[in-house]
Amino acid sequence: MVADVGYVPMRVNESAGPGAAGLRSLSARSAVLSMLLAVHPPQLPVKDLVRLVEPFGVGGSTLRAALSRMVAAGDLWRTDAVYGLSDRLLARQRRQDDAIHPGTRAWHGDWEMVVITATGRGPAERAELRSRLTALRLAELREGVWLRPANLERRLPDGLREVAGAYTARPDEPAQDLVARLWPLDGWAATARALLAHAAAAPGPAERLTAFAAIVRHLLGDPVLPPALLPTDWPGPALRTAYAEYRREVAAAAGWRDRGEA
């Protein structure tokens, strides 16, 4: 729902304490994207955008200049007085939808394992592949070997099979120990709690939007592990609930219903 500009989810062995919560100053572009990402389909008349971004301190002339730049950059399309998200940003909306409602299934001990088979790739290609695998909530055990518990209801993208093999595995290492090696859960949880507190204490609309922009970025890095492998009092569900409630507020203000209530 809120803009996740340039976000890369937390990688294996990266810690993310409260100081790395990702709070960023609000721009007109961020405010526009936040409104459009909140509604399904993601399009709004300019008169509604003017009304919606005004509480964030974005005036009409600033908004119109931002809209023109976003259309020119390929972020938005425009038909008459209606603006909507481009195909590229529709993919971002799908990621954010999944951050609130990740599809899971019962876990019976199996793990997804992805092994990189392509060779001769340059640094940019390797970095892009790492980002794709991290976005799929996989973690790197060693160079070229990525895995996670097989508790997600999803298929790996077909394009991934051109550069990697996908397998089902049963590691000998105890699952809790392997999780501890792959994900810095304590750091993720500390940041999540700090963000919840920041959102609850935010004094106004702009501060709340900034807080929830950081929350959705953080949710994209939640590994969505089986409950049996998570620490006690894991804050992931509370963070998702808070974000979903804020998204419903924004969608209602825009005159739309959230997809979970449709």
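Criterion first (closer than 30 Å to Phe56 by Cβ, at pLDDT 95 or above and not in a loop (DSSP other than H, G, I, E, B)) does Ala194 satisfy it? Considered against the rule, which asks whether it is closer than 30 Å to Phe56 by Cβ, at pLDDT 95 or above and not in a loop (DSSP other than H, G, I, E, B), Ala194 comes out as yes. Restricting attention to the range 80-131, the residues being under 30 Å from Leu49 (Cβ atoms) and either small (Gly, Ala, Ser) or not in a helix (DSSP H, G or I) (or both) number 11. Candidates are the residues of the range 113-138 that are among the charged types (D, E, K, R) and under 24 Å from Arg217 (Cα atoms); the one that is surrounded by the most Cβ atoms within 10 Å (Cβ to Cβ) is Arg137.
Say whether the condition of being surrounded by 15 or more Cβ atoms within 10 Å (Cβ to Cβ) and in contact with a Ser or Thr (Cβ under 6 Å, 6 or more places away or on another chain) is met by at least one residue in the range 243-253. Checked against the condition, which is being surrounded by 15 or more Cβ atoms within 10 Å (Cβ to Cβ) and in contact with a Ser or Thr (Cβ under 6 Å, 6 or more places away or on another chain), the range 243-253 yields no hits at all. Within the range 25-46, residues that are more than 15 Å from Phe212 (Cα to Cα) have Cβ atoms under 8 Å from residues that are among the acidic types (Asp, Glu) in these pairs: Arg29/Asp75; His40/Asp258, counting only partners at least 6 apart in sequence or on another chain. When the test is whether a residue is among the hydroxyl-bearing types (Ser, Thr, Tyr), more than 30 Å from Arg170 (Cβ to Cβ), under 22 Å from the mean Cα position of the chain (by Cα) and not assigned by TED's automatic domain parsing to the domain that holds Glu143, Ser34 passes it. Restricting attention to the range 77-113 and to residues that are charged (D, E, K, R) and within 30 Å of Arg170 (Cβ to Cβ), the residue that is farthest from the chain's Cα centre (by Cα) turns out to be Asp110.
Kindly evaluate Trp146 against the criterion of being crowded, with 19+ Cβ neighbours inside 10 Å and aromatic (Phe, Trp, Tyr).
yes
The residues of the range 58-79 that are of a type in the set (A, V, I, L, M) and part of a helix (DSSP H, G or I), listed by number, are Leu63, Ala65, Ala66, Leu67, Met70, Val71, Ala72.
The values are calculated or read from the model by the stated rules, or taken from the named source; none is laboratory data. If you're wondering where the values come from, they're calculated on a predicted model, not measured in any experiment. With ideal geometry, Cβ positions are generated from the backbone for all residues, glycine too; neighbour counts draw on all protein chains shown.
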